[in-house]
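The values are calculated or read from the model by the stated rules, or taken from the named source; none is laboratory data. Worth saying up front: this structure is predicted, and the values here are computed from it rather than measured. Backbone-built Cβ (ideal geometry, glycine too); neighbour counts: all protein chains shown.
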Amino acid sequence: MIKCKTSEDCYIGSTVNIKRRLKEHKYRSKNDTNPLYQFIRNNGCWDNFEFSILEENCIKLKETEQAYIETIESTLNTNRASIDYKTHLALGLIHSKKWRLNNPDIVKKYKDKYNKWTLTCECGEENVNRNHMSRHRSSYRHKKKVAEKVAELTTDENLSAS
Ligand SMILES: [Zn+2]
């Protein structure tokens, strides 16, 4: 999953080779006209996007990918570059809604998984719930940890300089 840090926009993808896929994304984001890459360019480039792995060693890769796309309503999954972004988004939302109505069990399964999904914050805090990330980042605990890290780094630099 590639997610914009400043909005809920995201892209869900699947691959058997993450390294190669990420390289491709980075390369194509430079001037590819696919809506995903245009969006990345128009929204602060890679610094403003975070990448994370939702599932590893998936057996039904494409099925799982589709389930996440529809459940999370990922806004940047499209190959229809010919239609404008707003139209695409509206069509996508209608499609996702229909899909969810027809597949309530799958939606429940993936929604639960997604809600329980945790990340390691850059401050070092482990198992932060994805939905609580922005709240965590503005917390005293996070700020304190970041400050400690910065202090540590500064001390290291001083040591190596002397
Ligand atoms: Zn943190």
*TYR68 passes all but one of (1) outside the structural domain of TYR37 (by TED's automatic domain parsing); (2) surrounded by 17 or more Cβ atoms within 10 Å (Cβ to Cβ); (3) not small (Gly, Ala, Ser); which number fails?*
(1)
*So, of the residues in the stretch 122-143 that are more than 8 Å from the ligand (Cβ to nearest atom) and among the charged types (D, E, K, R), which turns out to be surrounded by the fewest Cβ atoms within 10 Å (Cβ to Cβ)?*
GLU126
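Could you list all residues from the stretch 45-72 that are of a type in the set (Gly, Ala, Ser) and within 26 Å of CYS121 (Cβ to Cβ)?
SER52, the sole residue that qualifies.
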_Residue that is nearest to HIS88 (Cα to Cα), among those in the stretch 1-54 that are among the acidic types (Asp, Glu) and in contact (Cβ under 8 Å) with a residue 12 or more places away in the chain_ = ASP9
_I need a count of the residues in the stretch 86-110 that are under 18 Å from CYS10 (Cβ atoms) and surrounded by 16 or more Cβ atoms within 10 Å (Cβ to Cβ)._
8
*asked:* Cβ-Cβ under 7 Å, sequence separation 6+ or interchain: first residue in the stretch 138-150 and in the same structural domain as CYS123 (by TED's automatic domain parsing), partner acidic (Asp, Glu) and surrounded by 11 or more Cβ atoms within 10 Å (Cβ to Cβ). Which pairs?
replied: HIS142/GLU125; LYS145/GLU125
*Tell me which residues, restricted to the stretch 63-85, are at pLDDT below 85 and more than 20 Å from LYS3 (Cβ to Cβ).*
ARG80, ALA81, SER82, ILE83, ASP84
*In the stretch 111-121, the residues that are within 11 Å of the ligand (Cβ to nearest atom) and surrounded by 13 or more Cβ atoms within 10 Å (Cβ to Cβ)*: LEU119, CYS121
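Would you be able to say whether some residue in the stretch 136-148 is of a type outside the set (Gly, Ala, Ser) and in contact with a Gly (Cβ under 8 Å, 6 or more places away or on another chain)?
Yes - at least one qualifying residue is present in the stretch 136-148.
Okay, residues lined up against (1) over 27 Å from MET133 (Cα atoms); (2) outside any helix (DSSP H, G or I); (3) of a type in the set (Gly, Ala, Ser):
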{"position": "ARG20", "(1), (2), (3)": "yes, no, no"}
{"position": "ILE40", "(1), (2), (3)": "no, no, no"}
{"position": "ASP47", "(1), (2), (3)": "no, no, no"}
{"position": "ASN57", "(1), (2), (3)": "no, yes, no"}
{"position": "ALA67", "(1), (2), (3)": "no, no, yes"}
{"position": "GLU70", "(1), (2), (3)": "no, no, no"}
{"position": "HIS88", "(1), (2), (3)": "yes, no, no"}
{"position": "LEU91", "(1), (2), (3)": "yes, no, no"}
{"position": "ARG100", "(1), (2), (3)": "no, no, no"}
